[in-house]
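To keep things clear, I will list the structure first and then write my remarks on it.
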Amino acid sequence: MRTLNLLAATAFATALSVSSAFALTVGFSQIGSESGWRAAETSVTKLEAQKRGIDLKFADAQQKQENQIKAVRSFIAQGVDAILIAPVVATGWDAVLKEAKEANIPVILLDRTVDAPQDLYLTAVTSDTVFEGKVAGEWLVKEVGDKPCNIVELQGTTGSSPAINRKKGFDEAIAGKANLKIVRSQTGDFTRTKGKEVMESFIKAEGGGKNICALYAHNDDMAVGAIQAIKEAGLKPGKDILVVSIDAVPDIFQAFIAGEANATVELTPNMAGPAFDALDAYLKDKKEPAKWIQTESKLYTPADDPQKVYDEKKGLGY
């Protein structure tokens, strides 16, 4: 009986060992948690890893590149199967990426890219921020039709790539539409407080807001601040002034429910899903994916069951 028990235990241990051998271990160097969206990206990445049976080693860089490089070197030393990096800055990655390549550990970039030779990383999973702005602009063009529409624009942080690109895409969408005109455009620094403050100045400058047809905000946080300013001016956001923005964070869906916003374009926090899909395919057949995997920039309006979307998003760490 002892022999049978010993054999059974040995068989179980062997099976467990074989099972463990097939489980991937992936290191994830995250920028930090400087925003609600970033926190949601972290939460979703952990959920995606858990769903796929991946052992995720997480490192928070606290917005410091030196912490990221240290974490990546630690992952390499641990012999992980792959490394995800959301790079805090674009430069200074060549050396550590070469170390990962020499260790035969594929690296995937999440939501940002780096200024390094493309052969040093497997792929980059990011959104197309120009396309996001274009989707927002195309929605507004369709919504207003041939009616005259004066637009005020809340830009993101001056000089940031999302602000530059989201403006470019929107401008491209409304180009050639003589009835649509941006009459005011100013940075709101991607914050609710500044969004409200700048919107107040727009309203004062444009006949108490009566000369404004629509607001385009480079992110939902500024839009939420602007909505408050519109209400305090005695106007109805979503009706007197159309509101279109980008990110699709939970609070904008509450604004949809209240009838105070009209459209948002999602910057999905799920960069990890496409990344893990690409990694799985690469490890199976060694076929390298495209160097850029573009995530979906989905348009949401109040017709898309905002309560349901809010309920789905509110637990993601925003």
Checklist entry - Hey, what's the per residue convex hull volume over the C-alpha atoms of region 157-259, in cubic angstrom? => result 96
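Suppose R0 equals 51 Å; then what is the FRET efficiency for Q118 and N211 from their Cβ-Cβ distance, rounded to the nearest 0.05? Could you put the intermediate results ahead of the total?
On the way: r = 49 Å, r/R0 = 0.95.
Taking R0 as 51 Å, the efficiency between Q118 and N211 is 0.55.
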Checklist entry - For helix 192-205, what angle does its Cα long axis make with the longest principal axis of the chain, in degrees from 0 to 90 and rounded to 10? => result 20
Checklist entry - Dividing the Cα radius of gyration by the Kirkwood radius, what Rg/Rh value follows for region 179-223? => result 0.95
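Normalised by the number of residues in region 26-166, what is the relative contact order in percent for Cα pairs under 8 Å and 6+ residues apart? Could the numbers behind the result be given before it?
Values: 190 pairs, mean separation 26.6, N = 141.
It rounds to 19 percent for region 26-166.
Please give the calculated 222 nm ellipticity per residue for the chain, where each DSSP H segment of at least 4 residues contributes -39500 (n - 2.57) and the sum is spread over every residue; nearest 500 deg cm²/dmol? Don't jump to the answer; show the numbers that get you there.
Details: 11 runs with 146 residues, N = 318.
For the chain, the value works out to -14500 deg cm²/dmol.
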Checklist entry - Taking neighbour counts of Cβ atoms within 10 Å as a proxy for exposure, in what order, fewest first, do V183, V224, V114 appear? => result V183, V114, V224
Checklist entry - Along each of its three principal axes, how wide is the spread of alpha-carbon positions in region 100-180, in whole angstrom units, largest first? => result 60, 24, 16
Checklist outcome for this item: Of the candidates H218, A173, V152, the farthest towards the positive dipole end of region 114-231 (Lys/Arg Cβ +1, Asp/Glu Cβ -1, centred on the Cα centre) is V152
Checklist outcome for this item: For E99 and K231, extending 7 Å from Cα along the Cα-Cβ vector and measuring point to point gives, in nm, a value of 5.1
Item to check | Proximal charge balance of I54 [Cβ under 11 Å; K/R count +1, D/E count -1] | outcome: 0
Checklist entry - Which entries of K134/K204; K57/K308; K46/K291 show an alpha-carbon separation above 26 angstrom in the structure shown? => result K134/K204; K57/K308
Checklist entry - Between S185 and K168, what is the spin-label point distance in nm, taking each point 7 Å from the Cα along the Cα→C-beta axis? => result 1.3
Checklist entry - Across 10 Å bins from 0, what is the distribution of all Cα-Cα pair distances for region 79-219, in whole percents? => result 11, 31, 25, 16, 12, 5, 0
Next on the checklist: Whole-Hz ³J(HN,Hα) for each residue in region 312-318, computed from phi via Karplus 6.51 cos²θ - 1.76 cosθ + 1.60 with θ = phi - 60°, x for glycine and proline: what do you get?
Outcome noted: 6, 8, 5, x, 8, x, 4
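In a shell of Cβ-Cβ distance under 15 Å around Q307, excluding Q307 itself, what net charge do Lys and Arg (+1) and Asp and Glu (-1) give?
Working: positive: K308, K313, K314; negative: D251, E260, D304, D305, D311, E312.
Once positives and negatives cancel, what remains is -3.
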Checklist entry - According to a simple spin-label model (label point 7 Å from Cα along Cα-to-Cβ), what is the distance in nm between D304 and W292? => result 2.2
Checklist entry - Between [x] 29; [y] 42; [z] 32, which matches percent of Cα pairs over 30 Å apart calculated for the structure shown? => result [y]
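FYI, it's all coordinate maths here, none of it is from the lab. Here the structure is a predicted model, which is why all the values come from computation and not from measurement. With ideal geometry, Cβ positions are generated from the backbone for all residues, glycine too; neighbour counts draw on all protein chains shown.
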